[in-house]
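*Asks:* I'd like to ask some things about the structure below.
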Amino acid sequence: MATDLHRAVTVEGLTRSFDGRPVIDRLDLTLRAGEFTVLLGHSGCGKSTLLRVLAGLDRDISGTVLVPRRRAVAFQAPRLMPWRRVWRNVLLGLPGRPERAVAERALEEVGLSHRSGAWPKTLSGGEAQRASLARALVREPDLLLLDEPFGALDALTRIKAQRLVAELWQRRGCAVLLVTHDVDEALLLADRVLVMRDGIIAYDSPVGLDRPRSAGDPAFAVLRSRLLAELGVEAELPAAAHAA
């Protein structure tokens with residue numbers, strides 16, 4: 001459980017190795033309650049491994065990891081059971097015998113109540129991802145972990161899903177950790193952006209932009225350029241951004 005009311009996550013000296021090679025190497029991290037944090041990094045840098053550790057899905061670790069008891073995770077693949085209707089998928093894994101109304105409330109929150117009784121194979125990609133979010137929300141998490149949940153969506157559906165997650169976070173007030181490769185997505189959503197490199201958090205910066213945000217904002221372009229540089233990508237700043 002978190003160490004105090006202002007922290008959702010405390011990680012100290014976390015190490016996770018595979019075949020003797022540390023993918024996470026004595027990592028330290030604090031996530032604050034109610035904060036939207038985005039984690040960036042190249043493939044294989046340990047982002048998803050860290051998320052799985054925080055979700056309690058990977059326990060072969062050393063170091064200290066303190067997280068809320070109430071936490072939930074949504075992955076890029078919705079992982080819906082095809083033989084269970086949508087509402088039953090939402091309740092999957094909950095203790096006891098929760099009633100359908102519990103699932104219906106979560107589905108309504110993500111705009112999917114009209115598909116409650118559908119089979120997963122009849123859902124669009126965006127609908128399936130919303131069902132996955134409902135399954136996470138029904139757990140009333142203090143920490144919501146999102147592992148590239150928009151990666152398989154087309155551009156327009158992705159924008160809608162990003163807005164939905166932002167609305168849910170503002171309504172729920174839980175801490176969020178989103179893993180993504182998309183720098184613009186990070187800047188549109190995050191209070192704070194982290195870059196993971198060589199098994200540690202190599203860069204940590206607040207995103208001091210007013211909401212709602214626009215990728216056309218010169219300040220947005222400056223932050224994008226900084227993040228791309230941290231990721232080893234050089235980017236030309238627009239003239240307006242240089243002037244700012």
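The values are calculated or read from the model by the stated rules, or taken from the named source; none is laboratory data. All values reported here derive from a predicted model rather than from experimental measurement. Here the Cβ positions follow ideal geometry from the backbone for every residue, glycine too, while neighbour counts run over all protein chains shown.
*Asks:* Among the residues of the range 32-50, are any on the phi > 0 side of the Ramachandran plot and basic (Lys, Arg)?
*Replies:* No, every residue in the range 32-50 fails to be on the phi > 0 side of the Ramachandran plot and basic (Lys, Arg).
*Asks:* Now for a different question. Taking the range 31-43 only, how many residues are crowded, with 17+ Cβ neighbours inside 10 Å and within 14 Å of ALA202 (Cα to Cα)?
*Replies:* Initially, the range 31-43 is screened for residues crowded, with 17+ Cβ neighbours inside 10 Å, giving 31, 33, 35-41.
Filter once more, keeping what is within 14 Å of ALA202 (Cα to Cα): 38-41.
The number of residues fulfilling the criteria is 4.
*Asks:* Just name the residue that is modelled with the lowest pLDDT out of those in the range 1-17 that are of a type in the set (A, V, I, L, M) and either under 22 Å from LEU187 (Cα atoms) or assigned to a strand (DSSP E or B) (or both). It would help to see each step written out before you state the result.
*Replies:* As a first pass, look at the range 1-17 and keep what is of a type in the set (A, V, I, L, M): 1-2, 5, 8-9, 11, 14.
Next cut, either under 22 Å from LEU187 (Cα atoms) or assigned to a strand (DSSP E or B) (or both) only: 8-9, 11, 14.
Values: ALA8: 92, VAL9: 96, VAL11: 96, LEU14: 95.
The extreme case among them is ALA8.
*Asks:* Please verify whether the range 138-157 includes one or more residues that are at pLDDT 90 or above, touching an Asp or Glu at 6+ places or on another chain (Cβ under 9 Å) and small (Gly, Ala, Ser).
*Replies:* No, the range 138-157 contains no residue that is at pLDDT 90 or above, touching an Asp or Glu at 6+ places or on another chain (Cβ under 9 Å) and small (Gly, Ala, Ser).
*Asks:* Considering only residues that are of a type in the set (Asp, Glu) and farther than 14 Å from PHE75 by Cα, which ones fall in the range 128-163? Give the derivation first.
*Replies:* Going through the range 128-163, the residues of a type in the set (Asp, Glu) turn out to be 140, 142, 147-148, 154.
Scanning the range 128-163 gives GLU140, ASP142, ASP154.
*Asks:* Counting just the residues of the range 18-36 that are small (Gly, Ala, Ser) and modelled with pLDDT of 90 or more, which one comes out farthest from ARG69 (Cα to Cα)? Explain how you work it out, then say what you get.
*Replies:* In the first step, residues of the range 18-36 are kept if they are small (Gly, Ala, Ser); the result is 20, 33-34.
In the following step, the residues that additionally are modelled with pLDDT of 90 or more were identified as 33-34.
Numbers: ALA33: 13, GLY34: 15 Å.
This residue is GLY34.
Each row is one residue, and each column tells you yes or no for (1) at negative phi; (2) of a type in the set (S, T, N, Q); (3) surrounded by fewer than 20 Cβ atoms within 10 Å (Cβ to Cβ); (4) at pLDDT below 95.
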| residue | (1), (2), (3), (4) |
| --- | --- |
| VAL73 | yes, no, no, yes |
| ARG79 | no, no, yes, yes |
| ARG85 | yes, no, yes, no |
| VAL90 | yes, no, no, no |
| LEU94 | yes, no, yes, yes |
| ALA103 | yes, no, no, no |
| GLY111 | no, no, yes, yes |
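*Asks:* Still on this model: Give me the strands (runs of 3 or more DSSP E) completely within the range 140-244, filtered to those with at least 1 residues that are touching a residue at least 24 places away in the same chain (Cβ under 8 Å) and over 23 Å from LEU107 (Cα atoms), ordered by residue number. Even if it seems obvious, please write down each step before you answer.
*Replies:* Numbers: elements: 143-147, 175-179, 192-197, 200-206.
In the range 140-244, the matching strands (runs of 3 or more DSSP E) lie at 175-179, 192-197, 200-206.
*Asks:* When you scan the range 47-60, how many residues do you find that are hydrophobic (A, V, I, L, M, F, W, C) and surrounded by fewer than 17 Cβ atoms within 10 Å (Cβ to Cβ)? First the steps, then the outcome.
*Replies:* Taking the range 47-60 and keeping what is hydrophobic (A, V, I, L, M, F, W, C), we get 50-51, 53-55, 57.
From the residues that got through so far, the ones that are surrounded by fewer than 17 Cβ atoms within 10 Å (Cβ to Cβ) too are 57.
Qualifying residue count, the range 47-60: 1.
*Asks:* Same structure, new question: Identify, by number, the condition in (1) exposed (fewer than 15 other Cβ atoms within 10 Å of the Cβ); (2) more than 13 Å from the chain's Cα centre (by Cα) that HIS181 doesn't meet.
*Replies:* Only one criterion is unmet by HIS181, namely (2).
*Asks:* Output the number of residues of the range 18-51 satisfying the condition of being outside any strand (DSSP E or B), under 20 Å from VAL176 (Cα atoms) and free of Cβ contacts under 8 Å to residues at least 40 places away in the same chain.
*Replies:* The total comes to 1.
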